[in-house]
Every structure is written in structure tokens, then in C-alpha cells.
Amino acid sequence: MISIRQIKPGDRSEWTDFVHRSNNGTIFHSPDFLDYHPEGRFKNHHLIVEGKNDIQSIIPGALTEREDGIWFRSYPGASYGGPVFNDSLGLSRIERIIDELISYCRSQGFRGIELTPPPIVYYRRPHNYLEFSLLKRGFDYRKRELTAIIDLSRLGEELKLGFRSSALRGVRKAVKSGVTVEENPDFSLFYHVLESNLQQRHNVMPTHSLGELERLRNLLGRDQIKQFIATLDGEVLAGMIMFHCNPRVTLAFYISHDQEYQALRPVNLVYMEVIRWAKQMGYHYMDLGTFTLNMDINHGLCRFKESFSARGIFRNTLFGTV
């Protein structure tokens, strides 16, 4: 017997503990992460699925008004969402959880459900039971993107053996030019480079303001978000901000460089040093982010990430009416 209900304030500690112990939970499923959003940005509707004696699943979510009605989305303000599962669950129990979620949303008068679960490498015990259960019940893919994943376990102690010559040439160019990479917690040093680059290349602003990044780190803890910067003569040329998603995966949430110094290849050196750091920290995988948008491929970005041994893994968004 399982039941589903909205999460209450008193469930917070159990919610946090469950995500940490789960099969597929990430930083984006945790209440601390979700707290960084200003009140009123999303209409939160977080769910908990309980068995007779324990929690079976946590489903962070929010309600979105669309032309055809209200949709339950997990989670519009996070890279990944979807149900977080108890590590012991098999296919039959996950199917029951999905049936409960569909029945619950139907009883609330919602029009549909949209989920973006973490890619398979984020799972402690990988399986496709969630997508199988959704597809079997008439769900479909709203979009399927490719995110660049480095399998750190495949890289030996000599990291360079795993990289293409083009990547290594860039690393050598940066080193020869005197570029160095360091971990530095001061987001303001890199943020102007990030902001300028996104504005020039894509005419967009970073997902997080400088204040939001600092607030997020304060909520999550200093070990959960790390910044690496490439400098030359005191000038910040490039950087990368890493999110500790779970014990298996670290995510490069922001990667950027100053266009004026692109010829020095500072990003290549940042990649090399952060990959080295991630491997030393014991992560299994490093997620460099997507190189597709609505299934259109940025071939240059794809080749660059592949040159550091990354390969594309699906990052799927599924939806279905109820």
C-alpha cells in the first residue's frame, strides 16, 4: 500500500535525508537548493510517496498555467527533477508510484505532467524504469538533448592519454603563455567574464545573478559549489563553476572565457585542471552540460567537449496528459 500527499514543512529533514540516501537524487531535488528561488517565482507543489513504513519517493514540483490547463512540472527552476527513488525499488513498485502520481494529478484537476529526470549516469544503481513506466502510460518526449559526460573512471593517472591532440595543444599554449588555474571562492572575479560572454554570444544573462550564486552556496554549503579561474598577470581569462550534484557526478554549470584572450586557450587549461580535480575528489562522472538545443547540434562545442573525452548522454524531458 502506498499513498501520495503534498510535503509539509515538518517533512523537511526527512526529505533532505531521503535525497542523500536515494538512488537518483541530486542537489536539484534538495529543499536547500529549491529555497534559493524567491518566494512567488514558482507555485511549489512538492509531493511525497509513502509506503507502510517508509518513504518510497520524493517528487519536487511546481504548478504551471498553460493554455490547456494547469501542469505539474518537476521542477521548472532546476536542471533536473522527476521522482527521487528509494534505492531498493524495482520496476513493479516504480510503476505503482507513477500510477499514484497520475491519479493524484488527475484528482487535483491538473491537465498534465512534465518531468526532466537526471541522466542515467546520476543513478547509484542505473535503470530506465522511470522512462519505461511513463512511456508505457502514453507519455512522450518533449525534448531530448545531449549532455557531455566524461567517464572519469576511464581516465588513468596520465590524464593526457584520454584527450585528443587538439585539446592538448590548447593546454600547452595556455601553460606556455603563463596562464594558471586556481580554485577561488570569490564569484565576483569570474562573474563579469561570464556575464559579458553570454551577452555577446547568446544575448542572454546567466541563470543566476551574482547574489543568487552566493545565496545558493550559503544555503548548500561551501563544498557544494566550487569555482575555478584561469588567470594571467592578475587578469581573469576564463572560469568554471562546478555543482556537486551527488557523490557520483559533478556538473559544470557555468563555463566561460574572455573573448579577448581566446587565442591563449585558457578554457583548455581550466578543463584539464578541473577534470584532474574531479578525479581526485572521487567523482565517477563529470557533466560538462549540453551541446544541443532543441536537438540542434552546436558542432563546434560538441567537438571541443569530445576532445576532452566527453560523450553525449541523453537528457530527456517527458510529458503526458492525465
(message) Please compute the modelled spin-label separation between E195 and D296, points set 7 Å along Cα→Cβ, answer in nm with one decimal.
(response) 2.7
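Can you tell me which of 34-42, 230-238 comes out highest on packing, and rank the rest after it, using the mean Cβ neighbours within 10 Å?
230-238, 34-42
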(message) Compute the helix-to-body angle for 165-176: its Cα long axis versus the longest principal axis of the chain, expressed 0 to 90° and rounded to tens.
(response) 60
(request) Please work out how much length the chain gains when fully extended from S103 to R311, using 0.36 nm per residue of separation minus the C-alpha to C-alpha distance, in nm with one decimal. (result) 71.1 nm
(request) Apply the Karplus parameterisation 6.51 cos²θ - 1.76 cosθ + 1.60, with θ equal to phi minus 60°, to every residue of region 23-34 and state each ³J(HN,Hα) to the nearest whole Hz, in sequence, with x for glycine and proline. (result) 6, 9, x, 9, 3, 6, 8, 7, x, 4, 5, 5
(request) Read through the labelled values [x] 37, 20, 19; [y] 31, 24, 22; [z] 34, 26, 17 and report the label of the one computed as semi-axes √(5λ) of the Cα gyration tensor in Å from the structure. (result) [x]
(request) Could you tell me the distance between the Cα centroids of region 128-145 and region 160-174, to the nearest Å? (result) 39
(request) Give the residue from S196, F319, A238 lying farthest towards the positive end of the charge dipole for region 170-322; charges sit on Cβ (+1 for Lys and Arg, -1 for Asp and Glu) and the dipole is referred to the Cα centre. (result) F319
(request) Return the subset of K176/K305; K136/K279; K43/K305; K8/K143; K143/K305 for which the Cα-Cα distance in this structure is over 30 Å, preserving the input order. (result) K136/K279; K43/K305; K8/K143
(request) Enter the Cα centre distance for the pair region 15-40 and region 295-322, rounded to the nearest angstrom. (result) 24
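May I ask you to sort M272, M286 by Cβ crowding, counting other Cβ atoms within 10 Å and putting the fewest first?
Lowest to highest Cβ neighbour count: M272, M286.
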(message) Taking the beta-carbon count within 10 Å as an exposure proxy, list L152, L168 from fewest neighbours to most.
(response) L168, L152
(message) Could you tell me the center-to-center distance, by alpha carbons, between region 55-71 and region 210-277 in angstrom?
(response) 32
(message) At a 10 angstrom cut-off on C-beta neighbours, averaged per residue, how do the peptides 135-148, 292-305, 96-109 rank from highest to lowest?
(response) 96-109, 135-148, 292-305
(message) Can you tell me, using C-alpha contacts under 8 Å and at least 6 residues apart, the relative contact order of the chain as a whole percent?
(response) 23
(request) Report the label-to-label distance for A263 and N184 in nanometres (one decimal), using points 7 Å from each Cα along the Cα→Cβ vector. (result) 2.3
(message) To test your reading of the geometry: what angle, between 0 and 90 degrees and rounded to tens, separates the Cα axis of helix 12-21 from the longest principal axis of the chain?
(response) 60
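FYI, it's all coordinate maths here, none of it is from the lab. Not measured: the values here are computed from a predicted model. FYI the Cβ positions are ideal-geometry reconstructions off the backbone, even for glycines, and counts take in every protein chain you see.
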